[in-house]
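Colleague: Pasting in a structure now, in structure tokens, and then I'll have a few things to ask.
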């Protein structure tokens, strides 16, 4: 009984950590403009739209976050082997991972922008200095919370995987969840804020991203404030729910029916989410209505 | 992705880069293997040099492959390389029971064979029909295997299966093997796997564009290699004695700093303009 | 050459009979080699265990390849509401779901073969279910865009008409219900396949370790570590090969590109054959 109570407590904590991680991950990748929306940032100068957006072309979010989280887990493990306190070990791991992340971000920005010299896109050193540190800050939060969740799963819930292997699993899931949920919100709403709300961006508008803000030419730092409105919390909710339900159904129901209890509960949860999705879809069709020709 | 990829036509031909990278990797690995055979732990940093050599080779391969338009992104090629490379590397490490000195060459050959089969599958069964596909995937698998071996040597000082799967302690005259705190048992191979996979595809991906230059990409490759070596050197504190670990770490830091500075200078050379807090001038304003 | 002008149009999806037959023959040869090595004592467990393990690995890889084709991926245009699907790469999203499933399956490995497989499948499906739901919530409540497909007139499951809800100048957006269900099924197959590969390798390594004089408390952790990294590596290889088959984006099971899946299954069978054989040889008794 006590095992289950501890398990539930750890599950709740891991779920909360995962929610924070998801929100920080999406904020970080939007400030640095990483992933699929970055193709527009790359395209804009080629269509004649010079900009001051941070062109952080470090693969996509899933592989990048897998690397940061796994390497933080590995370094944390090394420090744990040297009998360093667990929290301190995780912090050291996260610091090194954040350093690596910052370096990759700067080399990506310099590389891509220098290769766009033909179109007159300048390298903005002040953008490099100001935005890099902000992305590193958010990345620190995302990596630290994910590594802590992995550590809890390894030591308190006795998952057989070693810490770096858990890092690969959850780093990849974090990147995939945050990228899936947050990318369209940033790509459509902020990058193309000048397009009509409530419809996708027409293909003819490619490259014409928003480059000016209230006080003149903007950089991508304000994506952080924008993401915190919906994209960040949605990504956090997504990853938090994934981690929470994955742990919850196992901790509570694994002893029921020789392990099949957890499976049955999992099926029920999937069906519940499917019903919610169908409701959301029907709500949109009813309340938004079909697209009509311009009057 | 709406990014135009154009092969850069000038520069050192791929075969020459491949030769340089391969020789650098093999020579460094053999120095490291010889040192570990002789019981010297201080030459573990040669593994990092080997990883840099393998990455230089691999980066040129990726450049050649992706300029044909494979339809998916560049990071997938890195994952494919290391996914097949880790399997080849572990089998080659196992062959060390015959002799530790055949491990690098065995890894290269096994990875090439596995990569050739994978490349043939991609070209023929999946009908990609790209001329360089089979050879490129074989080369990528070999690069993955050698880079992983290099990073493993930096972390543990060994490449043999016995050494990376168990830590041996003499306790009161009894020799005990601990498997769960070894390089494989603790999952540290996952760290080198991901470090290599991202480092392999990053230089080409980050310098993509009409103005890409081979010397800039190569300098970025060297920088990524040393950055990966920094991380493995920090992890090596748990496996090798602290003086050897400090040597690896300091050499990695120096190598990284040098290559990063040069990369910065090369980017400055190639950029259209280098502005600090100045507005851009729009043609439409 | 432009990276998006990938392949010449007409025959891009065609099945290659000759190459596929050769691939299957190769896979059978690999299984035969495993049987032979087991028989001669180089691989532990007698004649049948290595061959059985390799067959299990191959089946797992085929399931993964099949599952990847269900996952709706829109790529870069999806990030701007220009095409339906999830705005991430195919290989990475499928691997994310599959590894989340592997996490659940590995945890349940001690409870039995069937339970572990089911746990792995549910883990993958659960991750995709939650992710796809949040994607739709982001589109509907964050951007005011209903879900619409660009490839079919009516949703095959719900019968909703799609064309009227597709904004002008785009190919569709969001995740119509068929894409959602496709995503969940893709996660189920991915988790199932990945867990199957992991469990087969784990059992084989645990059976082989005594012959290699590896015993003690840490030995099971070593088996987990080896099986885990091999499972992850093979998952990535199979997912990338399947992504090459899809060439970029796919809307789900209703997309015409979905019909290409037999090619990917054959490719996965052969690729996992050679990779699995080498994975078995890692614990050879030399």
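The values are calculated or read from the model by the stated rules, or taken from the named source; none is laboratory data. Since the model is a prediction, treat every value here as computed from it, not as a measurement. Here the Cβ positions follow ideal geometry from the backbone for every residue, glycine too, while neighbour counts run over all protein chains shown.
Colleague: Working carefully through the options A:199, A:173, A:162, A:180, find the one that is modelled with pLDDT of 90 or more, over 18 Å from residue A:221 (Cα atoms) and in contact with a strand residue (DSSP E or B) (Cβ under 9 Å, 6 or more places away or on another chain).
Modeller: Every option except A:180 fails the conditions.
Colleague: Could you tell me how many of the residues in segment B:255-264 are in contact with a helix residue (DSSP H, G or I) (Cβ under 9 Å, 6 or more places away or on another chain) and over 10 Å from residue B:220 (Cβ atoms)?
Modeller: Residues flagged as in contact with a helix residue (DSSP H, G or I) (Cβ under 9 Å, 6 or more places away or on another chain) and over 10 Å from residue B:220 (Cβ atoms) within segment B:255-264 amount to 5.
Colleague: In segment C:132-152, how many are part of a loop (DSSP other than H, G, I, E, B) and closer than 15 Å to residue A:227 by Cβ?
Modeller: Number satisfying all stated conditions: 0.
Colleague: Check whether at least one residue in segment C:137-156 is at pLDDT 90 or above and in contact with a strand residue (DSSP E or B) (Cβ under 7 Å, 6 or more places away or on another chain), and report yes or no.
Modeller: yes
Colleague: Here's another thing I want to ask about it. Working carefully through the options B:235, B:198, B:184, find the one that is facing chain A (nearest Cβ under 10 Å), at pLDDT below 90, under 15 Å from residue B:151 (Cα atoms) and out of contact with any strand residue (DSSP E or B) (no Cβ under 8 Å at 6 or more places or on another chain).
Modeller: B:184 is the lone residue from the list that is facing chain A (nearest Cβ under 10 Å), at pLDDT below 90, under 15 Å from residue B:151 (Cα atoms) and out of contact with any strand residue (DSSP E or B) (no Cβ under 8 Å at 6 or more places or on another chain).
Colleague: It is to be established whether one or more residues within segment C:262-274 are over 25 Å from residue B:94 (Cβ atoms), at the interface with chain B (Cβ under 8 Å from one of its Cβ atoms) and in a loop (DSSP other than H, G, I, E, B).
Modeller: no
Colleague: Here's another thing I want to ask about it. Pick from C:243, C:215, C:211: which is assigned to a helix (DSSP H, G or I) and surrounded by fewer than 24 Cβ atoms within 10 Å (Cβ to Cβ)?
Modeller: Just a single option satisfies the conditions, and that option is C:211.
Colleague: Which ones in segment C:53-80 are part of a helix (DSSP H, G or I) and without any contact (Cβ under 8 Å) to a residue 12 or more places away in the chain?
Modeller: Listed by number, the list holds a single entry, C:76.
Colleague: So if I check each of A:168, A:143, which one is under 30 Å from residue A:85 (Cβ atoms), crowded, with 20+ Cβ neighbours inside 10 Å and within 11 Å of chain C (Cβ to nearest Cβ)?
Modeller: Going through A:168, A:143 in turn, just one is under 30 Å from residue A:85 (Cβ atoms), crowded, with 20+ Cβ neighbours inside 10 Å and within 11 Å of chain C (Cβ to nearest Cβ): A:168.
Colleague: Let me ask you something else. I need the full set of residues from segment A:78-93 which are assigned to a loop (DSSP other than H, G, I, E, B) and at the interface with another protein chain (Cβ under 10 Å from one of its Cβ atoms), in order please.
Modeller: Across segment A:78-93, the qualifying residue is only A:82.
Colleague: How many residues are in contact (Cβ under 8 Å) with a residue 40 or more places away in the chain and buried (at least 18 other Cβ atoms within 10 Å of the Cβ) if we restrict to segment B:248-271?
Modeller: Of the residues in segment B:248-271, 9 are in contact (Cβ under 8 Å) with a residue 40 or more places away in the chain and buried (at least 18 other Cβ atoms within 10 Å of the Cβ).
Colleague: Being within 9 Å of another protein chain (Cβ to nearest Cβ), at pLDDT below 90 and within 27 Å of residue C:184 (Cα to Cα) narrows it down to one residue among A:207, A:187, A:266; which is it?
Modeller: Within the list A:207, A:187, A:266, the selection yields A:187.
Colleague: Looking at the structure I just gave you, is residue A:48 on the phi > 0 side of the Ramachandran plot and surrounded by fewer than 18 Cβ atoms within 10 Å (Cβ to Cβ)?
Modeller: So residue A:48 fits the description; yes.
Colleague: Now a separate question. Check segment A:182-191 and report whether any residue there is surrounded by fewer than 24 Cβ atoms within 10 Å (Cβ to Cβ), assigned to a loop (DSSP other than H, G, I, E, B) and in contact with a helix residue (DSSP H, G or I) (Cβ under 8 Å, 6 or more places away or on another chain).
Modeller: no
Colleague: While we're here: Check residue C:192 against each of (1) buried (at least 24 other Cβ atoms within 10 Å of the Cβ); (2) within 9 Å of chain A (Cβ to nearest Cβ); (3) within 26 Å of residue C:222 (Cβ to Cβ) and name the one condition it does not meet.
Modeller: Failing condition for residue C:192: (2).
Colleague: Now for a separate question. Any idea which of (1) in a helix (DSSP H, G or I); (2) more than 30 Å from residue B:275 (Cβ to Cβ) is the one residue A:223 doesn't satisfy?
Modeller: If we test residue A:223 against (1) in a helix (DSSP H, G or I); (2) more than 30 Å from residue B:275 (Cβ to Cβ), just (2) comes out false.
Colleague: Among the residues of segment A:70-77, is any out of contact with any helix residue (DSSP H, G or I) (no Cβ under 6 Å at 6 or more places or on another chain), buried (at least 21 other Cβ atoms within 10 Å of the Cβ) and either facing chain B (nearest Cβ under 7 Å) or assigned to a helix (DSSP H, G or I) (or both)?
Modeller: No, because not a single residue in segment A:70-77 is out of contact with any helix residue (DSSP H, G or I) (no Cβ under 6 Å at 6 or more places or on another chain), buried (at least 21 other Cβ atoms within 10 Å of the Cβ) and either facing chain B (nearest Cβ under 7 Å) or assigned to a helix (DSSP H, G or I) (or both).
Colleague: Could you please give the count of residues in segment A:94-125 that are free of Cβ contacts under 8 Å to residues at least 60 places away in the same chain and either out of contact with any helix residue (DSSP H, G or I) (no Cβ under 9 Å at 6 or more places or on another chain) or at the interface with chain B (Cβ under 9 Å from one of its Cβ atoms) (or both)?
Modeller: Matching residues across segment A:94-125 total 19.
Colleague: Taking the condition out of contact with any strand residue (DSSP E or B) (no Cβ under 7 Å at 6 or more places or on another chain), facing another protein chain (nearest Cβ under 7 Å) and touching a residue at least 24 places away in the same chain (Cβ under 8 Å), does residue A:45 pass?
Modeller: So residue A:45 does not fit the description; no.
Colleague: For segment C:157-174, how many residues are in contact with a strand residue (DSSP E or B) (Cβ under 8 Å, 6 or more places away or on another chain), touching a residue at least 24 places away in the same chain (Cβ under 8 Å) and either within 7 Å of chain A (Cβ to nearest Cβ) or in a helix (DSSP H, G or I) (or both)?
Modeller: Within segment C:157-174, residues that are in contact with a strand residue (DSSP E or B) (Cβ under 8 Å, 6 or more places away or on another chain), touching a residue at least 24 places away in the same chain (Cβ under 8 Å) and either within 7 Å of chain A (Cβ to nearest Cβ) or in a helix (DSSP H, G or I) (or both) number 2.
Colleague: Quick one: in segment A:241-261, of everything that is surrounded by fewer than 24 Cβ atoms within 10 Å (Cβ to Cβ), assigned to a helix (DSSP H, G or I) and more than 7 Å from every other protein chain (Cβ to nearest Cβ), which residue is farthest from the chain's Cα centre (by Cα)?
Modeller: Taking the candidates together, the pick is A:257.
Colleague: Out of C:147, C:106, C:129, C:118, report the one residue that is facing chain A (nearest Cβ under 7 Å), closer than 21 Å to residue A:200 by Cβ, buried (at least 24 other Cβ atoms within 10 Å of the Cβ) and under 26 Å from the mean Cα position of the chain (by Cα).
Modeller: Result of the check over C:147, C:106, C:129, C:118: C:147.
Colleague: Report, by residue number, each residue of segment B:114-140 that is within 21 Å of the chain's Cα centre (by Cα) and within 8 Å of chain C (Cβ to nearest Cβ).
Modeller: B:114, B:118, listed by residue number.
Colleague: State whether the residues of segment C:175-182 include one that is outside any helix (DSSP H, G or I), crowded, with 24+ Cβ neighbours inside 10 Å, in contact with a strand residue (DSSP E or B) (Cβ under 9 Å, 6 or more places away or on another chain) and within 10 Å of chain A (Cβ to nearest Cβ).
Modeller: Yes, because at least one residue in segment C:175-182 is outside any helix (DSSP H, G or I), crowded, with 24+ Cβ neighbours inside 10 Å, in contact with a strand residue (DSSP E or B) (Cβ under 9 Å, 6 or more places away or on another chain) and within 10 Å of chain A (Cβ to nearest Cβ).
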